[in-house]
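Have a look at the structure below, then the notes.
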Amino acid sequence: MPHTIDEVRNVVLVGHSGSGKTALAEAVIYNTGQLTRLGRVEDGTTVSDFDSEEIERKISLKTSLLSGEWKGIHFDLMDTPGYADFIPETQSALRVADASVVVVESVSGIDIGTVRAWRLAQQSGLPCILFVNKMDRPEIDLDGVLQQMHERLGRMAVPLQYAVDPGEGFHQVVDLVDGKLVTYADGKVEEGEIPSPLQEEVEPLREQLVEAVAETDEELMERYFSEGSLEPDELRAGLRKAVEAREIFPVLFGDAYNNIAVDRLMGAAAEFFPSPDRSPGLAYADGNGEERTLEASPDGPLVSYVFKTTAEQHVGELSYLRVFSGSLRHGDEVSNSVRQKTERIGQIYQLNGHERTEVESAGAGDIVALVKLKDTHTGDTLCTRSEPVQLPRVEPPEPLIRVAVAPREKGSEERMATGLQQLHEEDPSFEFRYDGEIRQSVLAAQGDLHLETILKRLRERYSVEVDTEAPRVPYRETIRGNAEGHYRHKKQSGGRGQFGEVYLRVTPKSRGEGFEFVNEVVGGSIPTNFIPAVEKGLQESLAVGPISGSAVVDVAATVYDGKHHAVDSDEVSFKIASSQAFKDAFLKARPVLLEPIYQLTITVPEEFMGDVMGDLTSRRGRISGTSADGHLQIIEAEVPLAEIDRYATRLRSMSQGEGMHTQSLSRYEEVPGDVQARIIEEASKEQAQAA
């Protein structure tokens, strides 16, 4: 149905895996009348989790877009994965939402996944409601959950409801704003007066709510002091303002599986969350580098952002797009400002999972899907050709696991590379490239499950089976001393021979300075026309170092003398001579291996801190600092890359799924002597086997 911009609510559901986001999304869409019955995750029948792998695993692997109308409000709802491997999906959805609902599991409470989801929403500057789900669990400790909420998320989390008899059979809440008891039974909702026995428990909570709202507004504070309370309409208006300003984060309770109190959440979202024209807008830099903020006006120039791309069978590529300004119509020609391409708009769809409804147009504030754009992918901006704008892309976290990949079928290398490149256009959170240093194709993903989904898509869409193994560590070789080297290349096999002789010296350079070639040949001992061949021989030697076959770095090579033959000397002779002379000098100059050192930031609950720190020490890690973040401990450490293969999996195992980490390359440093000896021995064996 057509809707105006003030009737739109763009809401993203975030939270820890297993908190019930998909069940909540299902209940919301059911309440809009889009469904005749509630689907179940365990049966694989939800609208949101429609992918075969999601149905099989019973978890969300990607963001689903759902939409529906409820009481005059158009909801665009995004159900995001809670599993840590798919955090980039959550980040992208947060970019295009105007508000967020953090779903909290009633028994596990505010665990590390909830905190992470909360912080991502806060970093995005979104108003937020906290929805405590699964209130029918018999082992629930609601007071403990609320205490955790205040300790870990802040005192601005304020209940708008009182949950009556949480646990098995839960079916009632008290609305603290309206002062009504709301009862759910047999699919019906009834409002009534609060019974006297509940009044004593409810009154202090309502007083806390009124006081919290009054503190956000001077006028309300004066009225509260003078009259001792606020009228429901005043309370609502104050709440709306405070929620939009992120001064209050309402807390609501419910049971999405049985659709209990989900309508109250929808009502709160409709009333207290901003429409796109009241949203803070999205900041960006214009063509002159000046900071601008988009205004959600249907009459403005088109500015829209592609936050997700999927490929669906029988449909092709679907581009999920948020229109921030202006409007789109079928047949419009628009500019992809990132790729400098023009696109013609085809069909425009509203989505409910994999169900598509074609619409004629989309205006500012709408989230829709476009079909078969030729040159547009995740992270691109579509805009008016006359007023180009590039919106900032969502930057995914550094991948946490790396594997070397090779096609199982010989000759399929190009098909593998093409398939992975196209999958990367859909999902920029993984990386694929051929690494010349280790001479392997490397696939880097956010975690084991993320890796599995990538390889499954590669197999199903492009018919490419791959083998994986731990990638080689990109060690580097350098020297600590000065030395001289010499080599004479002489080959005579009848007719014209080969001859070239090179003298050189090598010296170490500071870390990161790279390779330097110096020519000090005088008197024509090496003719000028062969000097480029000498340099080329040295450059080629850098790719495969003398001690382990790793790349050579931070060395200066000075060629100062040599000999040539008027007939037999040629470029090949001097390339060979310079390469061998370099090897001779390098091995005399106290060679050493360098290894990549990664900076790790690890977040774990306090009870797992000792195990994690002990494990880091066993991995040759150096702990540079620790700090507390509420109940969580943050460990900063530096660890060699060779010691952290599949570390994300190990950390989850040590911390019962509660640990998470980020990692990034810090620097290269010398490998300890005993480790270096082992690495060189292994490299020698590999070279012997390959010979």
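The values are calculated or read from the model by the stated rules, or taken from the named source; none is laboratory data. Note that the structure is predicted; figures quoted are calculated from it, not measured. Here Cβ is always computed from backbone atoms with ideal geometry, including for glycine, and neighbour counts include all displayed protein chains. Quick note on the areas: whole protein, heavy atoms, side chains included, nothing else; ligands and nucleic acids left out. Shrake-Rupley method; radii C 1.70, N 1.55, O 1.52, S 1.80 Å.
Cβ separations smaller than 6 Å between residues 6+ apart or across chains give the following pairs from segment 335-357 residues that are over 12 Å from Pro388 (Cα atoms) and surrounded by fewer than 19 Cβ atoms within 10 Å (Cβ to Cβ) to residues that are among the β-branched types (Val, Ile, Thr) and modelled with pLDDT of 90 or more: Gly346/Val371; Gln347/Val371. Checking Arg240 against (1) open to solvent by less than 20 Å² (accessible area, probe 1.4 Å); (2) within 30 Å of Ala185 (Cα to Cα); (3) part of a helix (DSSP H, G or I), which test does it fail? Failed condition: (1). For segment 363-399, a tally of residues being under 21 Å from the mean Cα position of the chain (by Cα) and open to solvent by 20 Å² or more (accessible area, probe 1.4 Å) returns 9.
Just one of the listed residues (Lys58, Lys62, Lys71) is in contact (Cβ under 8 Å) with a residue 24 or more places away in the chain and open to solvent by 40 Å² or more (accessible area, probe 1.4 Å), namely Lys71.
Here Ala628 meets each of (1) surrounded by fewer than 17 Cβ atoms within 10 Å (Cβ to Cβ); (2) in contact with a Pro (Cβ under 9 Å, 6 or more places away or on another chain); (3) hydrophobic (A, V, I, L, M, F, W, C) with one exception, condition (2). The residues on offer are Glu431, Glu413, and the sole one that is of a type in the set (D, E, K, R), out of contact with any Asp or Glu (no Cβ under 8 Å at 6 or more places or on another chain), within 21 Å of Asp467 (Cβ to Cβ) and modelled with pLDDT of 95 or more is Glu431. Among the conditions (1) in a loop (DSSP other than H, G, I, E, B); (2) modelled with pLDDT of 90 or more; (3) open to solvent by 10 Å² or more (accessible area, probe 1.4 Å), the only one that Ser19 does not satisfy is (3).
Residues that are in contact with a strand residue (DSSP E or B) (Cβ under 6 Å, 6 or more places away or on another chain) and either touching a residue at least 60 places away in the same chain (Cβ under 8 Å) or not hydroxyl-bearing (Ser, Thr, Tyr) (or both) within segment 614-630 comprise Leu616, Arg619, Arg620, Gly621, Arg622, Ile623, Gly625, listed in sequence order.
Looking at segment 319-384, the strands (runs of 3 or more DSSP E) lying wholly inside it that each contain 1 or more residues that are more than 23 Å from Leu282 (Cβ to Cβ) sit at 333-336, 341-344, 348-352, 355-359, 367-371. Restricting attention to segment 643-663, the residues that are more than 24 Å from Gly82 (Cβ to Cβ) and surrounded by fewer than 20 Cβ atoms within 10 Å (Cβ to Cβ) add up to 2. Scanning segment 217-227 for residues that are open to solvent by less than 40 Å² (accessible area, probe 1.4 Å) and either within 38 Å of the chain's Cα centre (by Cα) or not aromatic (Phe, Trp, Tyr) (or both) returns Asp217, Leu220. So which residues in segment 444-483 are among the small types (Gly, Ala, Ser), under 24 Å from the mean Cα position of the chain (by Cα) and not in a loop (DSSP other than H, G, I, E, B)? Answer for segment 444-483, where residues must be among the small types (Gly, Ala, Ser), under 24 Å from the mean Cα position of the chain (by Cα) and not in a loop (DSSP other than H, G, I, E, B): Ala444, Ala445.
Note on segment 166-181: among residues that are assigned to a loop (DSSP other than H, G, I, E, B) and among the acidic types (Asp, Glu), the one that is least open to solvent (accessible area, probe 1.4 Å) is Asp178.
Of all residues in segment 290-307, those that are part of a loop (DSSP other than H, G, I, E, B) have Cβ atoms under 6 Å from Cβ atoms of residues that are among the acidic types (Asp, Glu), 6 or more apart or on another chain, in Ala296/Asp277; Pro301/Glu387.
Selection of strands (runs of 3 or more DSSP E) fully inside segment 577-691 by the criterion of at least 2 residues being among the polar types (S, T, N, Q) and within 22 Å of the chain's Cα centre (by Cα) returns 591-605, 660-670.
The condition (being closer than 19 Å to Ala256 by Cβ and in contact (Cβ under 8 Å) with a residue 12 or more places away in the chain) is satisfied by just one residue among Leu209, Leu160, Leu176, Leu239: Leu160.
No other residue among Glu606, Glu638 is out of contact with any Asp or Glu (no Cβ under 6 Å at 6 or more places or on another chain), among the acidic types (Asp, Glu), buried (at least 16 other Cβ atoms within 10 Å of the Cβ) and touching a residue at least 12 places away in the same chain (Cβ under 8 Å) apart from Glu638.
Whether a residue is aliphatic (A, V, I, L, M), open to solvent by 10 Å² or more (accessible area, probe 1.4 Å) and closer than 30 Å to Leu351 by Cβ was assessed, and Ile87 passes this test. Contact annotation: residue pairs with Cβ atoms under 9 Å, 6 or more positions apart or on different chains, pairing a residue in segment 182-205 that is under 11 Å from Val164 (Cα atoms) and loosely packed, with under 13 Cβ neighbours inside 10 Å with a partner that is modelled with pLDDT of 95 or more and of a type in the set (Phe, Trp, Tyr), are Glu201/Tyr162.
The requirement of being part of a strand (DSSP E or B), open to solvent by 30 Å² or more (accessible area, probe 1.4 Å) and in contact (Cβ under 8 Å) with a residue 12 or more places away in the chain is fulfilled somewhere in segment 518-533, by at least one residue. Let me confirm something: among Gly549, Gly562, which residue is open to solvent by less than 20 Å² (accessible area, probe 1.4 Å) and under 30 Å from Arg667 (Cα atoms)? Sole residue among the options that is open to solvent by less than 20 Å² (accessible area, probe 1.4 Å) and under 30 Å from Arg667 (Cα atoms): Gly549. The single condition among (1) within 27 Å of Leu594 (Cβ to Cβ); (2) without any contact (Cβ under 8 Å) to a residue 24 or more places away in the chain that Glu513 does not satisfy is (2). Answer yes or no as to whether Asp561 is touching a Gly at 6+ places or on another chain (Cβ under 8 Å) and more than 15 Å from Phe515 (Cα to Cα). When the stated conditions are applied, Asp561 does not pass them. Quick test of your reading of the structure: Glu26 fulfils all but one of (1) of a type outside the set (Val, Ile, Thr); (2) more than 26 Å from Gly109 (Cα to Cα); (3) at pLDDT 90 or above; (4) in a helix (DSSP H, G or I). Name the failing condition by number. It is condition (2) that Glu26 fails.
One line per residue, one yes/no per condition, for (1) out of contact with any strand residue (DSSP E or B) (no Cβ under 7 Å at 6 or more places or on another chain); (2) modelled with pLDDT of 95 or more; (3) under 24 Å from Asp435 (Cα atoms):
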position: Asp467; (1), (2), (3): no, yes, yes
position: Ile479; (1), (2), (3): no, yes, yes
position: Gly497; (1), (2), (3): no, no, no
position: Phe515; (1), (2), (3): no, yes, yes
position: Gly523; (1), (2), (3): yes, no, no
position: Ala533; (1), (2), (3): yes, yes, no
position: Leu538; (1), (2), (3): no, yes, yes
position: Ser548; (1), (2), (3): no, no, yes
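Quick one: in segment 95-142, of everything that is part of a loop (DSSP other than H, G, I, E, B) and hydrophobic (A, V, I, L, M, F, W, C), which residue is farthest from Tyr320 (Cα to Cα)? Once the filter is applied, the top-ranked residue is Ile140.
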